[in-house]
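One structure is given here, and the rest of the page talks about it.
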Amino acid sequence: MKLAEALIIRADYQKRIEQLGDRLHRSAKVQEGELPPENPDDLLSELYQLFDQLERIVQQINRTNASCRFNETMTLSDALTKRDILGAKRRELADLIQAATVKHDRYSRSEVKICSTVNIAQLQKQVDELSKQYRELDASIQQFNWLTELQEA
């Protein structure tokens, strides 16, 4: 199985676990004399099986990420970390730009004037460059995932 397929399966398990949790909550209590919409014991059994399957696939994904060389300087795990940091930096700078560009309407000259303390144009260039780096790295990671075999347990 390819790593990308395992990632799809992991996402499916996570979604199914969330849905089972919702179904369990709906069946957790009923009015006296009523029956739950579904048997909570059956749902719990299915939930535990899904958690076991999720644990196995996540372990395989993590093993693969840590041991596969993404390029000459990084493992796949390193590349994923780099992508996450690029995304976090970009989000923080974009939030800063948003905070610095909030318009405050002044109704008279006696009101306090609000000024930006950062260079918004320079920050926007940085956001654009980080976005480009993120996109390029993410595309490379996606391609790598479809070429890489998942390591067995």
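The values are calculated or read from the model by the stated rules, or taken from the named source; none is laboratory data. Predicted, not measured: the structure shown is a model, and the values here were computed from it. Heads up, the Cβs are rebuilt from the backbone with ideal geometry, glycines too, and the neighbour counts pull from every protein chain shown. Remember, those area values only see protein heavy atoms, side chains included, never the ligands or the DNA or RNA. Shrake-Rupley method; radii C 1.70, N 1.55, O 1.52, S 1.80 Å.
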Checklist entry - Name the residues in segment 1-47 that are open to solvent by 80 Å² or more (accessible area, probe 1.4 Å), among the aliphatic types (A, V, I, L, M) and part of a helix (DSSP H, G or I), would you? => result ILE8
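Restricting attention to segment 84-104, does a residue exist that is assigned to a loop (DSSP other than H, G, I, E, B) and of a type in the set (Val, Ile, Thr)?
Going residue by residue through segment 84-104, those that are assigned to a loop (DSSP other than H, G, I, E, B) are 101-104.
Filter again for of a type in the set (Val, Ile, Thr), leaving 101-102.
Yes, segment 84-104 contains at least one residue that is assigned to a loop (DSSP other than H, G, I, E, B) and of a type in the set (Val, Ile, Thr).
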Next on the checklist: Looking only at residues that are part of a loop (DSSP other than H, G, I, E, B) and either open to solvent by less than 70 Å² (accessible area, probe 1.4 Å) or more than 20 Å from ILE8 (Cα to Cα) (or both) in segment 115-153, which one is modelled with the lowest pLDDT?
Outcome noted: CYS115
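Which ones in segment 48-72 are of a type in the set (S, T, N, Q), surrounded by 17 or more Cβ atoms within 10 Å (Cβ to Cβ) and touching a strand residue (DSSP E or B) at 6+ places or on another chain (Cβ under 9 Å)? So that I can check it myself, show each step before the final result.
Filtering segment 48-72 for residues of a type in the set (S, T, N, Q) gives 49, 53, 59-60, 62, 64-65, 67, 71.
When the remaining residues are screened for being surrounded by 17 or more Cβ atoms within 10 Å (Cβ to Cβ), the result is 60, 64-65.
If the condition is that a residue be of a type in the set (S, T, N, Q), surrounded by 17 or more Cβ atoms within 10 Å (Cβ to Cβ) and touching a strand residue (DSSP E or B) at 6+ places or on another chain (Cβ under 9 Å), then THR64, ASN65 are the ones that fit.
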Item to check | Test result for THR75, in contact with a strand residue (DSSP E or B) (Cβ under 7 Å, 6 or more places away or on another chain), closer than 19 Å to LEU3 by Cβ and either surrounded by 12 or more Cβ atoms within 10 Å (Cβ to Cβ) or of a type in the set (Ser, Thr, Tyr) (or both) | outcome: yes
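For segment 99-114, check the following and say yes or no: at least one residue is within 23 Å of the chain's Cα centre (by Cα), open to solvent by less than 90 Å² (accessible area, probe 1.4 Å) and in contact (Cβ under 8 Å) with a residue 12 or more places away in the chain. Spell out the reasoning first.
Narrowing segment 99-114 to residues within 23 Å of the chain's Cα centre (by Cα): none.
No, segment 99-114 contains no residue that is within 23 Å of the chain's Cα centre (by Cα), open to solvent by less than 90 Å² (accessible area, probe 1.4 Å) and in contact (Cβ under 8 Å) with a residue 12 or more places away in the chain.
Only one of these is of a type in the set (A, V, I, L, M, F, W, C) and more than 30 Å from CYS68 (Cα to Cα): LEU96, LEU150. Name it. Let's see the steps before the verdict.
Working: LEU150 fails: more than 30 Å from CYS68 (Cα to Cα).
LEU96 is the lone residue from the list that is of a type in the set (A, V, I, L, M, F, W, C) and more than 30 Å from CYS68 (Cα to Cα).
Out of contact with any Pro (no Cβ under 7 Å at 6 or more places or on another chain) and either in a helix (DSSP H, G or I) or open to solvent by less than 90 Å² (accessible area, probe 1.4 Å) (or both): is that true of LEU80 in this structure?
Numbers: out of contact with any Pro (no Cβ under 7 Å at 6 or more places or on another chain): yes; either in a helix (DSSP H, G or I) or open to solvent by less than 90 Å² (accessible area, probe 1.4 Å) (or both): yes.
Considered against the rule, which asks whether it is out of contact with any Pro (no Cβ under 7 Å at 6 or more places or on another chain) and either in a helix (DSSP H, G or I) or open to solvent by less than 90 Å² (accessible area, probe 1.4 Å) (or both), LEU80 comes out as yes.
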Next on the checklist: If ALA66 satisfies all but one of (1) in a loop (DSSP other than H, G, I, E, B); (2) of a type in the set (Gly, Ala, Ser); (3) modelled with pLDDT of 95 or more, what's the number of the condition it fails?
Outcome noted: (1)
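Somewhere in segment 10-18, is a residue polar (S, T, N, Q), closer than 30 Å to SER140 by Cβ and under 25 Å from the mean Cα position of the chain (by Cα)?
The initial filter retains those residues of segment 10-18 that are polar (S, T, N, Q), namely 14.
Adding the requirement that they be closer than 30 Å to SER140 by Cβ leaves 14.
Checking the rest, the ones that are also under 25 Å from the mean Cα position of the chain (by Cα) come to 14.
Taking every residue of segment 10-18 in turn, at least one turns out to be polar (S, T, N, Q), closer than 30 Å to SER140 by Cβ and under 25 Å from the mean Cα position of the chain (by Cα).
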